[in-house]
1. Would you kindly state how much longer the chain becomes between T293 and K273 on full extension, computed as 0.36 nm times their sequence separation minus their alpha carbon distance, in nm to one decimal?
2. Using a Förster distance of 45 angstrom, determine the FRET efficiency expected from the C-beta separation of D38 and E308, and round it to 0.05.
3. From the backbone phi of the range 317-333, what are the Karplus-calculated ³J(HN,Hα) couplings (6.51 cos²θ - 1.76 cosθ + 1.60, θ = phi - 60°) in whole Hz, Gly and Pro given as x?
4. Which sequence of T32, T116 reflects their accessible areas, 1.4 Å probe, from the largest down?
5. Which value, in Å² rounded to 10, gives the accessible area of I340 with a 1.4 Å probe and all protein chains present?
6. How long is the gain from A167 to L222 if the chain were fully straight, where each residue apart is worth 0.36 nm and the alpha carbon distance is subtracted?
7. May I ask you to derive the FRET efficiency for S120 and E335 from their Cβ-Cβ distance with R0 = 51 Å, giving the value to the nearest 0.05?
8. Using per-residue counts of other Cβ atoms within 10 Å, averaged over each peptide, order 343-349, 242-248 from highest down.
Amino acid sequence: MSRITALVETRGYVCGPILPICAGDAVVSRLTVIALSDAFREFWSDLARDLAVVIDVVGAGEAVPPSADAVAMIVAAGGVERDAIQWLESHRIPPGLPALVVGTDRGRRTAMQLVTSGASDSFALPDDLEIFRNAVGAAVNAGRARAAARSNDPADLFGAIVGASPALQKELGRAARLLPHRNASALIVGETGTGKELLARAIHAGGSRRDAPFVAVNCSALPEHLIESELFGHERGSFTDAHAAKPGLFEVADSGTLFLDEIGELPLSLQAKLLRVLEDKEIRRVGGTKSRTVDVRILAATSEQLAERVRAGRFREDLFFRLATVVLRLPPLRERGDDILLVAQALLERLAGEHGMPAPTLTAEILGELRAHPWPGNVRELKNALERALLLSPTGELSADELRPSEDPAVAPEGLIPFPAPLHQITTAAARATVKLCGGNRSESARRLGISPRRLRRLLSGSDVEVDREEDVELQPREPATRDRRWAEAVRGRRPAIRAV
């Protein structure tokens, strides 16, 4: 198994090394950053780690290193956008190489001047941070897809998903049959941490949309009142903080792929709009009157059973059938046999590289521990356990004691959940105990509790207090009343501002 070091090399200092997860030889891309200012100096290390790329950071007066692996050029011009215009006018950008300018000036005139001078696009941080990350990610994916297409080896496309078990390989084989079909959508189902986004990226990278953006959005992470604006965009003045028009993620992903993670958490009101987009290929910005045509392939993912949400009336049946034309099920780590050993080895090599430590050998005792634990958090939980053991064990070794959690969450101390107690105190304590049981994994905790991640957040914060006067308000014994009177009194009562889902 190859070890690929991604270093962030800058003028006089090195941030790294960073190792991507890989199975066999993988394609490593490079980004070239022209640092006209130091405004974003600390940002490049995180970007390299997130995208598993090599980033070369050079100064304005330094020669740009030629590289056949370069997939994009980034001009960092925080506060010195005029210098970026001069740099673009005096330097030749290789044909086909995106030139992205990132700064702080949100002015439309500056953006137009940058594009006129040769930039492919410009971004103002922090407002455009997610759009900028998606644009860079799209350039990286396009470069890797071109390299994989040249090798003509489908295994390269799915190389980030480590494993050889029949259950996993069956689903990867089904996913590979989607690659020639430009508009084929899929619903990826699996527990949290099983690699749903990795599979979606591989499908995108192996198809004809590989040169267009791959945009990922977590439907459970966005506040409900902002989801519509994020997906469809908004016009200036459409709401209080809409100081300028902003394209939505559908427009950003035009000609590419939009990955909707945790699709089950999409509000019902937006499910109808999403269905309309899938049918008509048109979107309308919030506050807008003009429809815009978009060519976007939808890949959706969920860690829940959407069919159960359909039966409960929380997800539209017509949208479910539209998304579930092809269903890909990623098996949990505990059902993949010895794959856990391959995944652990890949993770261990990556983590050892990140911390500048030698990768220890997986002993028989460690292998036994890995096989014995059910890993409810899948690869994410495994990574956290390996990193803890790597940091706390003697150099070059891996202690089985450190691999285990510091305390067994399955054995909860007596009295952790109060009883008898008010209902909201019991549910809050149960939610916190479940999160502890799942090693801090909130998505898995919500799945086990059978509630949405939003309600789980309210439970953990103690704000999920349901006051239902029809059920919880008891009449005094000395105040007899008919059923109709009790109902009328309950209706006249003040309703709570916060209600449970």
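The values are calculated or read from the model by the stated rules, or taken from the named source; none is laboratory data. Since this is a predicted model, take the numbers as computed values, not measurements. FYI the Cβ positions are ideal-geometry reconstructions off the backbone, even for glycines, and counts take in every protein chain you see. What goes into the accessible areas is simple: the full protein's heavy atoms, side chains included, and nothing from ligands, DNA or RNA. Shrake-Rupley method; radii C 1.70, N 1.55, O 1.52, S 1.80 Å.
1. Values: separation 20, 0.36 × 20 = 7.20 nm, distance 1.41 nm.
Full extension of this stretch gives 5.8 nm more.
2. Values: r = 52 Å, r/R0 = 1.15.
It comes out at approximately 0.30.
3. 5, 5, 5, 4, 5, 5, 7, 8, 4, 10, 10, 10, 10, 8, x, x, 4
4. The ranking, largest first, comes out as T116, T32.
5. We get 10 Å² for I340.
6. Numbers: separation 55, 0.36 × 55 = 19.80 nm, distance 3.28 nm.
Roughly 16.5 nm would be gained on extension.
7. Working: r = 44 Å, r/R0 = 0.86.
The formula returns an efficiency of 0.70 here.
8. On the way: 343-349: 21.3, 242-248: 15.4.
Result, highest mean first: 343-349, 242-248.
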